[in-house]
Amino acid sequence: MKFQRDIQFTSQRLHFEIVSDQYVQDIFRELTPEVAKFLPFVPTGKIEDTYGFVSYSLNQLKKGEDITFVVLDRETNSFVGCCGIHEITSESASLGIWLKVSASGKGLGTELIQALEDYANESLSIDCLIYNVDKNNKGSIKIAEKLGFVYYKSFLRKVSEEKVLDMLQYVKSTN
């Protein structure tokens, strides 16, 4: 399955569009170590790595394996964070999000995951959505449970020698 670079959609407060070089500065500035605490990567502090992330994301889009979006506030058009539908197969896809620090605690994560779920249900032929969260990320666990995802299993995800995430996997049928 191949995806176009012009995918866009909205939710009540948010606008979603495919990640691009236009947002490198925003991603670089807002993806702080605090934001990345529960994410499967470590910010390097090098802007060229952010360009690499965008390039990689667009290549994965072309291959039909991932769709990575930037998320903007619908009223102000300001950058809110990034999200994606990852590891897309004929059976399942995994949802992932991160929000800038100032966007946390406003219900945007729940709105964001719901919008991704709605988009996946409308656009992909899959049986199941997966939402992996670090067991210490109480906000993401609340999102999963509030939206009807069901705990499936736990696993360790080694990011680097210094960073190992203790993950909980939640799943939800799309049928």
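Observations on the structure shown:
- Computed FRET value (nearest 0.05) for residue 128 with residue 154, which takes r as the C-beta separation and R₀ as 22 Å: 0.80
- Candidates 103, 144, 93: whichever shows maximal mean-square fluctuation once the chain is modelled as a Gaussian network with Cα springs under 10 Å: 103
- When you filter the GluC sites (Glu not before Pro) in segment 64-145 for DSSP loop state and at most 15 other Cβ atoms inside 10 Å of their Cβ, you are left with 75, 87, 91.
- Axial C-alpha extent at least 20 Å, average Kyte-Doolittle at least 0.0 - helices from the chain (DSSP): none
- In a fully extended conformation the segment linking residue 111 and residue 46 would gain 20.3 nm over its present Cα-Cα distance, using 0.36 nm per residue.
- Over the chain, the fraction of Cα-Cα pairs per 5 Å bin, rounded to whole percents and listed from the shortest bin up, is 1, 8, 17, 22, 23, 18, 9, 2, 0.
- Expressed to the nearest 5 percent, the antiparallel share of DSSP beta bridges inside the chain is 90 percent.
- Listed residues 135, 37, 46, most fluctuating in the chain (Gaussian network, C-alpha, under 10 Å): 46
- Separation of the residue 163 and residue 73 label points, Cα + 7 Å toward Cβ, nm: 2.7 nm
- Residue 59/residue 104 FRET efficiency (R0 35 Å; Cβ-Cβ; nearest 0.05): 0.75
- With all projection directions averaged, the alpha carbon convex hull of segment 3-67 covers 5.1 nm².
- Label zone at residue 147, where the point sits 7 Å out along the Cα-to-Cβ direction: segment 83-104 residues whose backbone N lies under 13 Å: 83-86, 93-99
- Full-extension gain in nm, residue 37 to residue 5, via 0.36 nm per residue minus C-alpha separation: 8.6 nm
- Centre separation in Å (Cα based) which lies between segment 124-153 and segment 1-79: 20 Å
- Each Lys and Arg Cβ is given +1 and each Asp and Glu Cβ -1; about its Cα centre, the chain then shows a dipole of about 360 debye.
Laboratory data are not the source of any read-out in this text; all were calculated from the coordinates shown. In this text, all values refer to a predicted model and were calculated from it rather than measured experimentally. Cβ sites come from the backbone with ideal geometry, for glycine too, and all protein chains shown count toward neighbours.
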